[in-house]
Amino acid sequence: MINFKNEVVDLLSVVIPEIEKNEISSLLEIPKYTNMGDFAFPCFKLSKIYRKSPNMISKDLVEKISGNKYFEKIESVNAYINFTNSKTIFVKSVLENVNEKKDSYGSSDIGNGEEIIVEFSSTNIAKPFHMGHIRSTMIGNSLYKIHKFLGYDTVAINHLGDYGTQFGKLIVAYKLWGNKEDIENNPIPELLKIYVKFHEEAEKDEKLDQEARDWFKKLENNDQEAYDLWKWFKDVSLKEFNRVYGMLGVEFDSYTGESFYSDKMPAVLNELREKNILTKSKGAEIVDLEEYDMPPALVTKSDGSSLYITRDLAAAIYRKNHYKFAKNIYVVGSQQKLHFQQWFKIIELMGYDWYKDCVHVDFGMVGLEEGSLSTRKGRVVFLEDVLNKAVDKTKEIIEEKNPNLKNKEEVAKAIGIGAVVFQELSNNRIKDYTFSLEKTLSFEGETGPYVQYTHARTCSVLRKLDGAISNEIDYSKLNDEVSVEVIRLLAKFPDVVKDAARKYEPSLITRYTIQLAQEFNRFYHDNSILVDDLDLKNARIMLVQAVEQTLKNALTLIGLKAPEQM
Ligand code: ARG
């Protein structure tokens, strides 16, 4: 693809030899309105060098700049020099590029094969996969794909919550009230039921908590009975989770959860002691973080059993040794902000400078619109129920709008589940938001179905083509404002992907798909495509093809499918 920005810099550097190319490049602005050109160079900073007014400098420089085929206009407007790309060259360069790169349009090799860990989802064994987990799962999944697309060697880790005192509680509860068959048939709700009962009973009977602690201690000491029960809870839970991951199209490279680090903690604790970072406090051990305006971090309990934060320390050190990561990303809700700040600081105090490469990608809470979803048990909303409901509703819509559609089942899943995922990734991740199933599933407005529908529309245009289009495309035919605007958006895609990675913000891609879909629909509304003028028709088809490809690439990066018909 022709890099018009570099062309501008080259032209300017000839007439402003006093300034480095890098600086010229960083001074360049993109005008707010396209009638002011594609790039604007402000001349204010040159006043000092040339001892003239910026307006004068702008005028003088424009006279000196030699003509160039890449620009149809270079003009002085007050203190600025405005550059307008040659539309035909621009259009040709963008469309040919998309057409050539296809599925890899928007990708890059800036990652250079560096290792990046994205830890996400990290559900808790024996607990529901609830609506709160979907954000971590889908933001993480998207960041994983985006980094891969940018040439990083990416590892997806599910740091399962499969360790801790709660497993002691669960063992006690199971031994008192559990029924093997019920749990096998309906694992998570049954396990949740006895877990909730444990808490109710423990309020009346203090002995239960002590028993739970004893059982967790046994588990840490490799007691066979404790281990077998724990393993069974884990296996039945994972089977459930994997069904949901399957629906969401999410895969992990590793499921090393908290338990994986149980035998790696003593070494970390010893290291902390040796480095004089630990302080004894009432039989427990803490890291005093007062100096850094944080409450102390408790790393061992008085009975010697380990804690969540200790497992995170062990996991990070293990990951650094095992993967040699350039970046270690944690996609976890903002309620855990302090937790991550604390242990990143402890890693720093241990003298590891790679604490800087650990990133907590936090996000706000999902609320539920009143009446949007009914709950199966208690106040927990099971994600699987939401996804199923979304698919069912989509089926109803398809029955009504397009009853003869092929693969109805499959398409309903792609749209229904896609709608929920899209909604999750629509807002800045840090914002809290309220989930509404109705809004999510609408085919109009800024939704997944709207974008997918637009994609299907491009496919339908391309299907109607009879025969291949010619190789000789007259790109000057696409010189109307809407066409050029669509192509400008297409050209932006590679930068949007990079920006999304830099800011850990998949929503930038989500919003980009909406913009592109809207602009394409404007184009489609204004222009017939299968027109008699063969050159015009061919050029427009090239545009439609490029939009189809770019929408598909963008949707894939946020974890959505792009059905060809719906
Ligand atoms: N399992 C935890 C939860 O559901 C999230 C784990 C986050 N990751 C971590 N490395 N601490 O709250």
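The values are calculated or read from the model by the stated rules, or taken from the named source; none is laboratory data. This structure is a prediction, so every number in the text was calculated from the model and none was measured. Glycine gets a Cβ as well: all are built from the backbone with ideal geometry, and neighbour counts include every protein chain shown.
Mind checking whether some residue in region 300-308 is touching a strand residue (DSSP E or B) at 6+ places or on another chain (Cβ under 7 Å) and aliphatic (A, V, I, L, M)? Among the residues of region 300-308, at least one is touching a strand residue (DSSP E or B) at 6+ places or on another chain (Cβ under 7 Å) and aliphatic (A, V, I, L, M), which makes the answer yes. Per the conditions (1) crowded, with 17+ Cβ neighbours inside 10 Å; (2) more than 12 Å from the ligand (Cβ to nearest atom), the sole criterion not satisfied by residue 302 is (1).
Does residue 111 fit the bill of being in contact with a helix residue (DSSP H, G or I) (Cβ under 7 Å, 6 or more places away or on another chain), more than 11 Å from the ligand (Cβ to nearest atom) and in a loop (DSSP other than H, G, I, E, B)? It is true that residue 111 is in contact with a helix residue (DSSP H, G or I) (Cβ under 7 Å, 6 or more places away or on another chain), more than 11 Å from the ligand (Cβ to nearest atom) and in a loop (DSSP other than H, G, I, E, B).
Residues in region 60-83 that are over 18 Å from residue 42 (Cβ atoms) and either surrounded by 15 or more Cβ atoms within 10 Å (Cβ to Cβ) or not assigned by TED's automatic domain parsing to the domain that holds residue 43 (or both): 70, 72. For region 32-45, the set of residues classified as in contact with a Lys or Arg (Cβ under 8 Å, 6 or more places away or on another chain) and buried (at least 18 other Cβ atoms within 10 Å of the Cβ) consists of 37, 39, listed by residue number. Listed by first and then second residue, the pairs with beta-carbon distance under 7 Å, at least 6 apart or on different chains, first residue in region 524-549 and assigned to a helix (DSSP H, G or I), second among the aromatic types (Phe, Trp, Tyr), are 539/475; 547/520; 549/105. Among the residues of region 280-292, write down those that are under 14 Å from residue 340 (Cα atoms) and surrounded by fewer than 14 Cβ atoms within 10 Å (Cβ to Cβ). The one that is under 14 Å from residue 340 (Cα atoms) and surrounded by fewer than 14 Cβ atoms within 10 Å (Cβ to Cβ): 292.
The set of residues in region 455-510 being surrounded by fewer than 16 Cβ atoms within 10 Å (Cβ to Cβ) and closer than 30 Å to residue 360 by Cα consists of 495, 499, 502, 503.
This table checks each residue for (1) at pLDDT below 95; (2) of a type in the set (Lys, Arg); (3) not assigned by TED's automatic domain parsing to the domain that holds residue 239.
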residue: 143; (1), (2), (3): no, no, no
residue: 148; (1), (2), (3): no, yes, no
residue: 151; (1), (2), (3): no, no, no
residue: 157; (1), (2), (3): no, no, no
residue: 160; (1), (2), (3): no, no, no
residue: 163; (1), (2), (3): yes, no, no
residue: 173; (1), (2), (3): no, no, no
residue: 192; (1), (2), (3): yes, no, no
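Taking the criterion of being in contact (Cβ under 8 Å) with a residue 40 or more places away in the chain and either buried (at least 19 other Cβ atoms within 10 Å of the Cβ) or more than 24 Å from residue 158 (Cβ to Cβ) (or both), would at least one residue in region 196-207 satisfy it? Yes. I'd like the full set of residues that are of a type in the set (A, V, I, L, M, F, W, C) and within 11 Å of the ligand (Cβ to nearest atom), limited to region 121-136. Passing the criteria: 125, 129.
For every residue, the table says whether it meets (1) closer than 30 Å to residue 560 by Cβ; (2) away from the ligand (no atom under 16 Å from the Cβ); (3) touching a Ser or Thr at 6+ places or on another chain (Cβ under 8 Å); (4) hydrophobic (A, V, I, L, M, F, W, C).
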site: 81; (1), (2), (3), (4): no, yes, yes, yes
site: 102; (1), (2), (3), (4): yes, yes, no, no
site: 105; (1), (2), (3), (4): yes, yes, yes, no
site: 156; (1), (2), (3), (4): yes, no, yes, yes
site: 181; (1), (2), (3), (4): no, yes, no, no
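Each residue in region 475-497 was checked for being under 15 Å from residue 529 (Cα atoms) and either touching a helix residue (DSSP H, G or I) at 6+ places or on another chain (Cβ under 7 Å) or of a type in the set (A, V, I, L, M) (or both), and 7 pass. Considering (1) surrounded by fewer than 17 Cβ atoms within 10 Å (Cβ to Cβ); (2) in a helix (DSSP H, G or I); (3) within 26 Å of the chain's Cα centre (by Cα), the lone condition that residue 386 does not fulfil carries the number (1). A Cβ distance below 6 Å, combined with a sequence gap of six or more or placement on separate chains, defines the contacts here; from region 103-128, residues that are at positive phi reach residues that are away from the ligand (no atom under 16 Å from the Cβ) in the pairs 106/493; 106/494; 106/497; 106/553; 113/153.
For region 137-148, a residue qualifies if it is in contact (Cβ under 8 Å) with a residue 60 or more places away in the chain and crowded, with 23+ Cβ neighbours inside 10 Å, and the qualifying residues are 137, 138, 139, 140, 141, 142, 143, 146, 147. State yes or no: is residue 431 in contact (Cβ under 8 Å) with a residue 12 or more places away in the chain and surrounded by 13 or more Cβ atoms within 10 Å (Cβ to Cβ)? Taking the combined requirement at face value, the residue does not satisfy it.
In region 318-331, the count of residues that are more than 12 Å from the ligand (Cβ to nearest atom), of a type in the set (A, V, I, L, M, F, W, C) and in a helix (DSSP H, G or I) is zero. Of all residues in region 337-380, those satisfying the criterion of being modelled with pLDDT under 90, away from the ligand (no atom under 15 Å from the Cβ) and buried (at least 16 other Cβ atoms within 10 Å of the Cβ) are 368, 372, 373. Which ones in region 274-317 are part of a strand (DSSP E or B) and among the basic types (Lys, Arg)? Of everything in region 274-317, just one residue is part of a strand (DSSP E or B) and among the basic types (Lys, Arg), namely 280. Exactly one residue among 146, 139, 171 is farther than 24 Å from residue 212 by Cα, more than 16 Å from the ligand (Cβ to nearest atom) and either out of contact with any His (no Cβ under 9 Å at 6 or more places or on another chain) or among the aliphatic types (A, V, I, L, M) (or both), and that residue is 146.
Here the condition is being over 30 Å from residue 141 (Cβ atoms) and either of a type outside the set (A, V, I, L, M) or not assigned by TED's automatic domain parsing to the domain that holds residue 154 (or both); of 239, 234, 217, it holds for 217 alone.
Looking only at region 239-267, count every residue that is outside any loop (DSSP other than H, G, I, E, B) and under 14 Å from residue 384 (Cβ atoms) and tell me the total. The qualifying residues number 10.
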